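Take a look at the structure below.
The values are calculated or read from the model by the stated rules, or taken from the named source; none is laboratory data. Predicted model, so just to flag it, every value in this text is computed and none were measured. All Cβ positions, glycine included, derive from the backbone under ideal geometry; neighbour counts span all protein chains shown.
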Amino acid sequence: MRLPSFSQWKKLPEVLSRREKLVALFAIAVFLISSGNLIQGSYLRLTKEVAAYGGLLQEHIVGSPRFLNPVYSDVNDADRDLVQFLFSGLLEYNEEGVLVPDLAQDYEIQEGGKVFAFNLKENVKWHDGYPFSADDVVFTIKTIQDPKYKSPIRANWVGVEVEKVNAQTVRFSLSQPYAAFPDRLTLKIIPAHIWENINPENFALSFYNLQPIGTGPYKLEKISQDKSGRVNTIRLERYRAYHGKDPFIGSILFAFSDKEESSITTQFSKRTITYQFPLARYFALFFNLDASKEQAVVKEKNIREALNYAIDKNLLNEQVLKGDGTVVDSPVRADLFGFKTPEQPQRKDIEKALSLFAREGYAQKDGKLVQQQNPIGEFRVDLVKGSQGAEVRKLQECLARDPGVYPEESITGIFGALTEKAVIKFQEKYRAEILTSSGLTKGTGAVKAGTRAKLNELCGVKLKEDLPLTITITTLDQSPLTDVAKFLQAQWNELGIETIIQTYPQVELERDVIKPRNYQTLLFGEIVGKIPDPFPFWHSSQKKDPGLNLSSYESKEADKLLGSIRKELDEQARATMYESLQALLLKDVPALFLYDMPYTYEAAQEVKGIKEHIVGDPSQRFAGMKSWYIETKRVLK
């Protein structure tokens with residue numbers, strides 16, 4: 001059978017009726033659509049969508065950059081954010097939050113953790129085309145270490161020796177092993193050929209602080225400033241000669257403002273996705289164990305423990321943090337790092353709290369928690385072991401008010417061995433007033449003039465008004481800290497505790513309150529780090545500024561653990577030490593551990609590849625941004 005010729009097909013519309021023409025057109029349309037769907041389905045089946053290069057990431061940052069220079073950037077959030085894009089360190093955190101080589105090709109830990117030797121990548125170029133070498137690493141560290149440059153991170157590098165072995169090798173020597181040292185090596189490196197001829201006096205004033213030259217995945221394209229010199233926007237472009245994995249996103253535009261909510265955010269993207277990055281941090285109420293006499297009530301462990309039992313942390317999270325926080329029971333964030341968490345976290349227990357307050361002489365009276373000043377009587381005669389009678393009974397009643405002095409609380413009227421032991425404890429507790437003034441170095445166990453004077457002060461016949469329990473919370477004048485302080489105030493008010501809240505702007509808080517340790521309790525946060533090093537926060541050598549032991553906590557056992565944790569390179573052994581430290585701090589109650597909030601980051605819906613991971617500070621949300629992408633393409637599976 002022969003098919004119709006083309007000329008015959010051309011005459012087909014002439015012989016078809018109108019109805020037949022419509023049917024034919026419908027059949028052709030169905031055929032074309034089906035064929036298209038079949039082709040499209042096959043294409044989608046045989047290919048997959050992957051990240052492609054290109055696109056513009058638009059970021060709104062609260063604040064304004066001042067020092068796009070790793071020597072100074074640590075004190076400014078905007079600076080820290082941009083430095084992540086512009087510069088590189090020997091090591092970096094990847095999209096999983098894992099520490100990996102960056103400018104380093106590899107490294108070796110030697111001499112039991114006291115020496116770190118780094119082999120650097122070859123053919124790394126600064127953004128101006130100049131070659132990177134070990135000279136840049138040595139120059140950066142020595143600049144930070146030199147007090148004339150006034151770097152805010154100088155303390156991190158005290159006692160570290162850095163030397164150039166050759167152009168591609170650098171070695172760090174420590175006085176003792178330091179497990180968290182690799183985290184320090186994420187420090188971004190600056191170019192020696194740019195900065196070496198700028199003297200310390202002009203370093204912070206240099207043009208290059210806002211015209212940075214780095215080795216990072218992006219380089220500065222354009223910066224715009226207003227008439228006062230404040231930076232409005234910064235545009236970065238992908239650095240084509242970057243030494244590492246090329247980022248997918250081609251350009252980044254940063255816009256800066258003073259307010260959290262800005263029209264810039266709306267302008268940049270109307271559709272966003274919220275990501276939550278857990279921070280290696282906790283917020284706590286730190287008790288000042290060196291508080292002045294007027295505020296010394298928090299020195300008593302029973303009081304600190306009772307205040308803890310009077311707080312409902314879950315309710316705090318629900319009411320104040322809207323359920324977005326994490327209840328924190330551990331000062332080493334065991335929940336984040338996989339250590340054993342406390343077996344029985346301390347939860348609200350009013351009966352237990354009142355029992356502990358009672359041990360310190362406090363009871364509820366007329367809606368207030370007060371320490372009742374009931375007189376026992378005046379002490380007028382000397383008492384020694386073997387004495388008997390009403391005077392001894394009065395002595396025992398006075399000593400029994402302090403469970404730490406006379407836990408036996410045996411009121412017999414007979415001055416025996418237990419009473420003598422209690423008198424010695426009493427004398428040594430008030431050493432300065434009883435022993436030192438009399439030229440004694442240890443308690444005698446005999447009640448004579450100096451001891452009688454102190455007994456009369458605490459338990460004598462002079463009637464005093466009942467003393468209300470007053471707690472002062474000092475914190476930053478910033479939400480949610482102020483809201484948390486009000487929550488603690490409300491919880492304690494239920495028991496009749498008078499709570500005063502003092503708030504300060506950040507500069508004043510650091511200068512006038514934290515530095516001189518001028519507070520009774522401090523509501524504040526501490527970042528423990530990606531490789532936790534609790535030494536600065538709890539070692540007795542860190543009680544004074546610039547140390548960060550905000551409770552002025554002192555424990556020989558804790559000091560020993562803290563020193564060992566720093567030196568131990570084995571992660572499993574270090575985890576066991578963390579757990580021992582955790583148990584000790586929870587037993588001694590130098591602080592009331594409360595909560596933490598993850599860092600919330602809103603990204604445009606079209607930005608893909610973002611992975612949530614633990615961060616040491618908010619700028620590390622960009623640690624994996626080389627894997628972020630906006631553009632896509634399809635490739636064969």
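Working carefully through the options Glu606, Glu579, Glu557, find the one that is touching a Lys or Arg at 6+ places or on another chain (Cβ under 7 Å), surrounded by fewer than 19 Cβ atoms within 10 Å (Cβ to Cβ) and either part of a strand (DSSP E or B) or of a type in the set (D, E, K, R) (or both). Working first, answer last.
Values: Glu606 fails: touching a Lys or Arg at 6+ places or on another chain (Cβ under 7 Å); Glu557 fails: touching a Lys or Arg at 6+ places or on another chain (Cβ under 7 Å).
Exactly one residue qualifies, and that residue is Glu579.
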Could you check the stretch 339-362 and list, in sequence order, the residues that are surrounded by 15 or more Cβ atoms within 10 Å (Cβ to Cβ) and either part of a helix (DSSP H, G or I) or aliphatic (A, V, I, L, M) (or both)? Lys352, Ala353, Leu354, Leu356, Phe357, Arg359
Given (1) basic (Lys, Arg); (2) touching a strand residue (DSSP E or B) at 6+ places or on another chain (Cβ under 8 Å); (3) over 17 Å from Ile497 (Cβ atoms); (4) assigned by TED's automatic domain parsing to the domain that holds Leu548, identify the lone condition not met by Arg304. (3)
Against the conditions (1) surrounded by 20 or more Cβ atoms within 10 Å (Cβ to Cβ); (2) within 23 Å of Gly63 (Cβ to Cβ), where does Tyr629 fall short? Just the number, please. (2)
The stretch 388-420, subset of a type in the set (Ser, Thr, Tyr) and either at pLDDT below 90 or not assigned by TED's automatic domain parsing to the domain that holds Tyr430 (or both), residue nearest to the chain's Cα centre (by Cα): Ser410
Residues being assigned to a loop (DSSP other than H, G, I, E, B) and farther than 30 Å from Asp335 by Cβ: count how many of those fall in the stretch 498-541. 4
State all residues of the stretch 278-322 that are of a type in the set (Gly, Ala, Ser), under 23 Å from Val528 (Cβ atoms) and part of a loop (DSSP other than H, G, I, E, B); if no residue qualifies, say none. Ala280
Among (1) crowded, with 17+ Cβ neighbours inside 10 Å; (2) more than 30 Å from His60 (Cβ to Cβ); (3) touching a residue at least 12 places away in the same chain (Cβ under 8 Å), where does Gln542 come up short? (3)
